[in-house]
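Please read the structure below before turning to the comments.
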Amino acid sequence: MSSGAWWRPEGFSKRRSNLDARGRILASLRQVFAARGFVEVDTPALQKSPGLEPHLKAFETVIETPGAGETPIYLHTSPEFAMKKLLVAGMKQIFQFAHCYRNGERSVTHHPEFTMLEWYRAGASYLDLVADCEALLRAASDALLTWHGRVCDPRASWERLTVAEAFARHCGIDLLATAPDPAAPSLDLLAAAAEPLGIAPHPGDSWEDLFFRIFLAEIEPKLGIGAPTVLYDYPISMAALARPKADDPRLAERFELYVCGLELANAFGELTNAAEQTRRFLADQEKKQRLYGETYPIDEDFIAALAFGLPESAGIALGFDRLVMLATGATRIDDVLWAPVAEG
């Protein structure tokens, strides 16, 4: 019998106050959405495509259909595709507390099965979602949010900072100057700009790899200290499923929310162009194949839904377990989960 089993009373009792807080926070956030006219939805975790982000590793299984054999299927890494299909079906404001699954990411802030709070607004812009975030974080706790000794007050005035401003302020780098071709930014130019910081690309690095080396070392630890930080307008090469900014196509309508140096949420002005989304998915497949020797299928039904007509909309995914960590002061994600996934 394992002495470290999560169900042993002496260990469970140490987590109990965090778990009680988790229930209160869940109820409070549902009240915020109800007051704003959102509908809670529930979409299946089993999907034909788990998501195409190249660095995510999914869990794969099969569906056995009598008389038809086996069909590969995946546990989703996010409910994004299904929720956008609901927008196409006519829903206007929806949210979901979804169990999501990502392999190979276990750490103090990652878990193979975790809860994602995801919500979408038809007819809204990506920055409209900031007001939702403010209401949710303030409802989550009457006290300060904390993590590893860092403190953040969600009731203070929130910092809004573009990605370019963050690189200029914290690194002295003109980020957009390293991307004369916005779709194919220059590794050499970014490497030259990063040299005074003592940060160099590793063999095989791309511009995006070096971007994150700089970001994680010099910028992320300084975000969301004292007040939450909304880091917005990412380079278009990092758009993922976000659309280009109408007034500056070098940038994407995307923001991330940081609290106590920890990434909490990722938001998009949603891409509605089916042809452009297909092009991006194919590029993601090629990159994943090149890096990891495997790829996941495109959800053709999602592309068909975009072609049918996804309304202008904005959506966001927020790590609910991380929010509970911040509200309780927990330093490990396992300490805010009722039953962590077994290791080994």
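The values are calculated or read from the model by the stated rules, or taken from the named source; none is laboratory data. The structure presented is a predicted model; accordingly, all values stated were derived computationally and were not measured. A quick note on method: Cβ atoms are made from the backbone with ideal geometry, for glycine too, and the neighbour counts reach across all protein chains shown. Ligands, DNA and RNA are excluded from the accessible area calculation, which covers all protein heavy atoms including side chains. Shrake-Rupley method; radii C 1.70, N 1.55, O 1.52, S 1.80 Å.
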## Note on the structure
Apart from one, (1) touching a Phe, Trp or Tyr at 6+ places or on another chain (Cβ under 9 Å); (2) among the acidic types (Asp, Glu); (3) free of Cβ contacts under 8 Å to residues at least 40 places away in the same chain all hold for GLU220; the odd one out is (3)
### Message
Could you check region 192-209 and list, in sequence order, the residues that are out of contact with any helix residue (DSSP H, G or I) (no Cβ under 9 Å at 6 or more places or on another chain) and of a type in the set (A, V, I, L, M)?
### Response
none
### Task
Give the residues of region 251-269 that are surrounded by fewer than 18 Cβ atoms within 10 Å (Cβ to Cβ) and in a strand (DSSP E or B), sorted by residue number.
GLU263
### Message
Within region 58-67, does at least one residue satisfy the condition of being small (Gly, Ala, Ser), open to solvent by 40 Å² or more (accessible area, probe 1.4 Å), out of contact with any Gly (no Cβ under 7 Å at 6 or more places or on another chain) and part of a helix (DSSP H, G or I)?
### Response
no
### Message
Among the residues in region 123-143, are any over 30 Å from LEU326 (Cα atoms), open to solvent by less than 50 Å² (accessible area, probe 1.4 Å) and in a helix (DSSP H, G or I)?
### Response
no
### Selected residue (criterion: farthest from MET116 (Cα to Cα)) from residues of region 331-344 that are open to solvent by 10 Å² or more (accessible area, probe 1.4 Å) and in a helix (DSSP H, G or I)
ASP335
### Message
Is it the case, given these coordinates, that LEU282 is within 22 Å of LEU251 (Cβ to Cβ), out of contact with any Cys (no Cβ under 8 Å at 6 or more places or on another chain) and of a type in the set (A, V, I, L, M)?
### Response
no
### Query
Does any residue of region 179-188 turn out to be open to solvent by 30 Å² or more (accessible area, probe 1.4 Å), assigned to a helix (DSSP H, G or I), without any contact (Cβ under 8 Å) to a residue 60 or more places away in the chain and out of contact with any Lys or Arg (no Cβ under 9 Å at 6 or more places or on another chain)?
yes
### Query
Do we have THR328 as among the β-branched types (Val, Ile, Thr) and either crowded, with 21+ Cβ neighbours inside 10 Å or in contact with a Gly (Cβ under 8 Å, 6 or more places away or on another chain) (or both) here?
yes
### Summary
Cβ pairs under 7 Å, 6+ apart or interchain, first in region 236-250 and touching a residue at least 12 places away in the same chain (Cβ under 8 Å), second hydrophobic (A, V, I, L, M, F, W, C) and open to solvent by 30 Å² or more (accessible area, probe 1.4 Å), ordered by first then second residue, are ILE236/ALA183; SER237/ALA183; PRO249/ILE236; ARG250/LEU176; ARG250/ILE236
### Condition check for ARG106: open to solvent by less than 40 Å² (accessible area, probe 1.4 Å), closer than 24 Å to ALA342 by Cα and touching a residue at least 40 places away in the same chain (Cβ under 8 Å)
no
### Query
Only one residue in GLU300, GLU256 is in contact with a strand residue (DSSP E or B) (Cβ under 6 Å, 6 or more places away or on another chain) and of a type in the set (Asp, Glu). Which one?
GLU256
### Query
Among the residues of region 68-98 satisfying the criterion of being among the hydrophobic types (A, V, I, L, M, F, W, C) and part of a strand (DSSP E or B), which is surrounded by the fewest Cβ atoms within 10 Å (Cβ to Cβ)?
PHE97
#### Entry: Failed criterion for GLU294 (all others in (1) within 19 Å of the chain's Cα centre (by Cα); (2) under 19 Å from ASN103 (Cβ atoms) hold)
(1)
